[in-house]
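Read the structure below first, then the notes.
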Amino acid sequence: MMELWTQLAGGFATAGTPINLLWALLGCTIGTAVGVLPGIGPATAVAMLLPITLKVEPTASMIFFAGIYYGAMYGGSTTSILLNTPGESGSMVTAMEGNKMAKSGRAGAALATAAIGSFVAGTIATVVVTLFAPAVAEWAVKLASPEYFLLMVLAFCTVSAVLGKSTLRGLTSLFVGLAMGLVGLDQISGQARYTAGVPELMDGLEVVLIAVGLFAVAEALYAVLFERRVDASQNKLSRVHMTRQDWRRSWPAWLRATGIGIPFGCIPAGGSEIPTFLSYATEKKLSKHQGEFGTTGAIEGVAGPEAANNAAITATLIPLLTLGIPTSNTTAVLLGAFQNYGLQPGPQLFDKSAALVWALIASLYIGNVMLLILNLPLVGLWVKLLKIPRAPLYAGILIFATVGVYGMRQSAFDLVLLYAIGLLGVVMRRFDFPTAPVVVGMILGPLAEAQMRNALSIGEGHWSVFVQRPMSVVLLVVIFAVLGL
């Protein structure tokens with residue numbers, strides 16, 4: 001243990017040099033901007049900036065990339081809360097209650113609990129990375145395809161049961177998402193499925209495109225078509241900071257969500273989407289203010305998912321650094337950055353490049369503080385977006401969404417698809433079908449299919465493979481418990 005603290009102190013000495021602090025600040029600032037802009041995402045930003053690995057020494061560039069990574073998770077909550085436009089797929093759940101809070105005049109409290117919750121969860125997760133990285137990764141690697149599949153089934157059941165006005169509507173939305181996830185090339189056979197001969201669909205549907213269409217475009221179109229008379233009291237900002245009651249309701253949600261997010265960051269089970277939805281479901285179940293969910297906005301519904309998101313994102317560094325296994329798009333790009341320097345993440349990385357690893361871990365602590373300092377003072381500035389008149393605001397959202405989606409692949413087809421999905425979102429809102437399960441089904445559907453097929457291969461075609469392992473049985477019990485509630 002003494003050796004660990006010595007190495008961490010050495011990491012702080014390296015990360016705390018003026019040049020590395022500047023790289024961390026630059027990464028956090030760019031990351032926050034990337035999170036705010038829908039359609040870019042940290043993976044794209046890091047990929048675009050990979051060429052700097054040719055000019056910058058390894059430690060500085062890794063600190064810079066890490067800053068972009070967790071900075072984007074902070075920034076994604078801002079537009080989710082204020083404009084119902086998730087900058088990142090991990091911020092979708094935040095949009096559900098956060099935007100309701102903004103419309104009820106509590107945007108400041110929503111932004112504050114998101115920023116502080118991100119800081120708390122990120123810091124606790126970084127402590128876990130510091131203390132338990134090898135042990136947690138060793139446990140996570142014991143999970144096989146049956147457990148991964150059942151984890152995703154658990155997410156499906158939770159989302160369907162909790163997010164819709166009824167389980168039937170939740171399941172209907174989920175199956176729409178699962179159908180979208182089937183579009184593209186079959187992962188195992190390589191055959192094209194449901195592409196209708198359109199080349200742009202061969203790679204499948206873009207998750208960010210679907211999320212922006214269902215949330216941002218649908219929000220703007222629905223307001224134009226069905227909310228002709230806007231309540232003047234709506235969006236009137238009452239206060240910028242959290243009240244004592246907000247603090248009392250937020251801190252248990254932060255801690256519970258951190259406990260949910262960290263394990264999911266360690267396993268390749270769909271990134272931060274599952275823990276954010278599970279956290280939301282948990283808070284909705286435990287809250288004493290049930291009437292606020294889906295109406296005026298419950299602060300627990302913002303505090304929990306944001307903390308779960310950041311805890312999961314930080315914990316993805318555990319399998320990346322100790323096993324060389326990327327469990328998200330961005331860590332896959334970071335793996336490429338390591339390899340550009342001739343470094344191979346894995347158990348030997350802690351021995352061969354200890355200075356870099358511990359400087360990177362120390363930079364997580366520093367980056368979390370930087371992001372809190374960057375974000376909290378800007379709460380008052382961000383909420384001024386709500387004072388923009390409704391017509392130009394919704395026009396701006398549509399322009400913002402259009403530019404962001406077009407920037408992903410420079411494809412006119414993507415824009416047609418964006419507005420088609422937006423119209424689908426309008427219809428779903430009109431008839432009270434939840435939109436979030438669509439995105440969950442689309443993200444996790446292909447992953448669940450691949451893991452199910454792998455599990456059946458392991459079991460030689462027998463479904464009994466799902467009851468032959470202790471962890472699988474535990475997950476099945478949890479799934480039936482959720483379905484029985």
- Query: Can you count the Lys pairs in the chain whose Cα atoms are under 25 Å apart, with each pair 8 or more apart or on different chains?
  - Reply: 20
- Message: Ranking request for peptides 169-181, 416-428, 251-263, 307-319: highest mean number of other beta-carbon atoms within 10 Å first, then the rest in descending order.
- Response: 307-319, 251-263, 169-181, 416-428
- Message: Compute, for the chain, the length of the dipole vector about the Cα centre, with Cβ point charges of +1 (Lys, Arg) and -1 (Asp, Glu) only. Units Debye, rounded to 20.
- Response: 1440 debye
- Measure off 7 Å from each Cα along the Cα-to-Cβ vector at Arg430 and Phe175, then give the distance between these two points in nanometres to one decimal. 2.2 nm
- Indicate the gyration tensor shape class of the stretch 354-485 (rounded, prolate or oblate), computed on the Cα atoms with a ≥ b ≥ c the square roots of the eigenvalues: a/c under 1.5 is rounded; otherwise a/b larger than b/c is prolate and the rest oblate. oblate
- Query: Looking at the square roots a ≥ b ≥ c of the eigenvalues of the Cα gyration tensor of the stretch 147-217, which shape do they give, rounded for a/c under 1.5, prolate if a/b is larger than b/c, or oblate?
  - Reply: oblate
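What is the percent carbon and sulfur in the accessible area of the chain, measuring with a 1.4 Å probe over the protein chains and ignoring ligands? The partial results should precede the final answer.
Values: 13350 of 19830 Å².
Ligands and nucleic acids excluded, carbon and sulfur give 67 percent.
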- If you look at just the Cα atoms of the chain, how large are its Rg and its Dmax in Å? 21.6, 65
- If each part is reduced to its alpha-carbon centroid, the stretch 242-303 and the stretch 386-462 end up apart, in Å, by 22 Å
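Just the number please: accessible area per residue for the chain, 1.4 Å probe, all protein chains included, in Å². Numbers along the way, then the final one.
Working: 19830 Å² over 485 residues.
Roughly 41 Å² per residue, with all protein chains present.
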- Find the relative contact order for the chain and round it to a whole percent, using C-alpha pairs within less than 8 Å whose residues are 6+ positions apart. 28 percent
- Checked against the positive end of the charge dipole of the chain (+1 on Cβ of Lys and Arg, -1 on Cβ of Asp and Glu, about the Cα centre), the farthest of Ala144, Gly422, Thr295 is Thr295
- Message: In Å and on Cα atoms, what radius of gyration and Dmax does the stretch 409-485 show?
- Response: 18.5, 49
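How large is the helix-only mean residue ellipticity at 222 nm for the chain, computed as the sum of -39500 (n - 2.57) over DSSP H runs with n ≥ 4, divided by its residue count, in deg cm²/dmol to the nearest 500? Walk me through the intermediate numbers first.
Details: 22 runs with 341 residues, N = 485.
Taking each H run of at least 4 residues, the total per residue is -23000 deg cm²/dmol.
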- Could you pull out every residue, at least 5 positions away or on a different chain, whose amide H is within less than 5 Å of the one on Ala192? Hs are placed 1.01 Å off N in the peptide plane, and Pro or chain starts have none. Asp186
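How much net charge surrounds Asp414 when only the other residues with a Cβ under 9 Å from the Cβ of Asp414 are counted, with Lys and Arg +1 and Asp and Glu -1? The partial results should precede the final answer.
Numbers: positive: Arg409; negative: Glu200, Glu206.
It works out to a net charge of -1.
The values are calculated or read from the model by the stated rules, or taken from the named source; none is laboratory data. This structure is a prediction, so every number in the text was calculated from the model and none was measured. All Cβ positions, glycine included, derive from the backbone under ideal geometry; neighbour counts span all protein chains shown. Note: accessible area is taken over every heavy atom of the protein model, side chains too, but ligands, DNA and RNA are not part of it. Shrake-Rupley method; radii C 1.70, N 1.55, O 1.52, S 1.80 Å.
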